[in-house]
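Please read the structure below before turning to the comments.
The values are calculated or read from the model by the stated rules, or taken from the named source; none is laboratory data. Given the structure is predicted, the values throughout are model-derived calculations rather than measurements. In this analysis, Cβ positions are derived from the backbone assuming ideal geometry, glycine residues included, and neighbour counts consider all displayed protein chains.
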Amino acid sequence: MRRRRAATDSHDRGSVAVEFALLLPVLLLIIFGTIDFGRAINAQITLTQAAREGARLASLGYTSSAVTTRTQSAATGLSNVTVTVTTCAAGAGAGVDGVVSVSYPFTFITPVGAFASMFGTATFGSSTLTITAKGEMPCETLSQAVPARCVAAWRWNCSAVTSAGWSASSSACCSAPSCWACRRW
């Protein structure tokens with residue numbers, strides 16, 4: 001009886017190694033890209049939340065230094081965060097916004113940074129990428145001094161003041177957002 005030859009011929013012996021060598025860089029690029037992409041998305045979400053929190057403080061009329069400090073502390077896990085603040089002046093009217101811009105130099109931990117230049121966001125071989133976020137909220141600063149009778153209504157029972165009481169023409173009370181900002185929960 002004659003023995004059958006194995007399915008792999010002697011000239012096919014190194015083909016698996018060659019195929020693996022061809023696919024390994026693509027596989028590593030996918031794995032490294034997934035790692036750095038996940039880190040970059042996490043940094044972007046953190047920056048967006050920090051900018052939103054800073055914009056809220058800026059819209060309420062806090063000082064630029066207070067907004068910057070709070071925004072940097074809200075960007076947990078990120079260092080070297082740069083903050084630019086446009087706060088609301090006292091009495092800012094409709095159409096004026098408190099704006100906070102935040103940027104962070106993201107550093108790649110894998111060799112994917114070299115491929116970022118293909119997308120035009122980094123120079124070839126660069127290991128950093130600047131991630132930015134912007135928060136913008138309408139100003140809620142008071143347009144006039146708050147009378148003592150309004151403060152008592154705001155703090156203890158906002159619903160006791162009728163909607164007509166909020167208009168500047170019928171009362172010295174300022175606005176409904178002021179009531180909600182001062183209300184004790």
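Here are the numbers for the structure shown:
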{"item": "Test: Leu29 is under 15 Å from Glu140 (Cβ atoms) and either at pLDDT 90 or above or surrounded by 12 or more Cβ atoms within 10 Å (Cβ to Cβ) (or both)", "result": "no"}
{"item": "Number of the exception - Leu28 against (1) within 18 Å of the chain's Cα centre (by Cα); (2) part of a helix (DSSP H, G or I)", "result": "(1)"}
{"item": "Qualifying positions in region 10-68 - over 16 Å from Lys134 (Cα atoms) and among the β-branched types (Val, Ile, Thr)", "result": "Val16, Val18, Val26, Ile30, Ile31, Thr34, Ile35, Thr63"}
{"item": "Region 83-99 residues that are touching a residue at least 24 places away in the same chain (Cβ under 8 Å) and within 14 Å of Ser64 (Cβ to Cβ), paired with ones that are among the acidic types (Asp, Glu) and not in a loop (DSSP other than H, G, I, E, B) (beta carbon under 6 Å, 6 or more apart)", "result": "Val99/Glu136"}
{"item": "Candidates Thr107, Thr46, Thr68, filtered to the one that is in contact with a Ser or Thr (Cβ under 6 Å, 6 or more places away or on another chain) and either surrounded by 11 or more Cβ atoms within 10 Å (Cβ to Cβ) or modelled with pLDDT under 90 (or both)", "result": "Thr107"}
{"item": "Criterion (in the same structural domain as Lys134 (by TED's automatic domain parsing) and in contact with an Asp or Glu (Cβ under 8 Å, 6 or more places away or on another chain)) met by exactly one of Ser59, Ser101, Ser64", "result": "Ser59"}
{"item": "Neighbours by Cβ (under 9 Å, 6+ apart or cross-chain): first from region 27-47, touching a residue at least 40 places away in the same chain (Cβ under 8 Å); second surrounded by fewer than 13 Cβ atoms within 10 Å (Cβ to Cβ) and not in a helix (DSSP H, G or I)", "result": "Phe32/Ile109; Ile35/Ile109; Asp36/Ile109; Arg39/Ile109; Ala43/Gly77"}
{"item": "Among the residues listed as Val26, Val83, Val67, Val16, the single one being among the hydrophobic types (A, V, I, L, M, F, W, C) and in contact with a Leu (Cβ under 6 Å, 6 or more places away or on another chain)", "result": "Val67"}
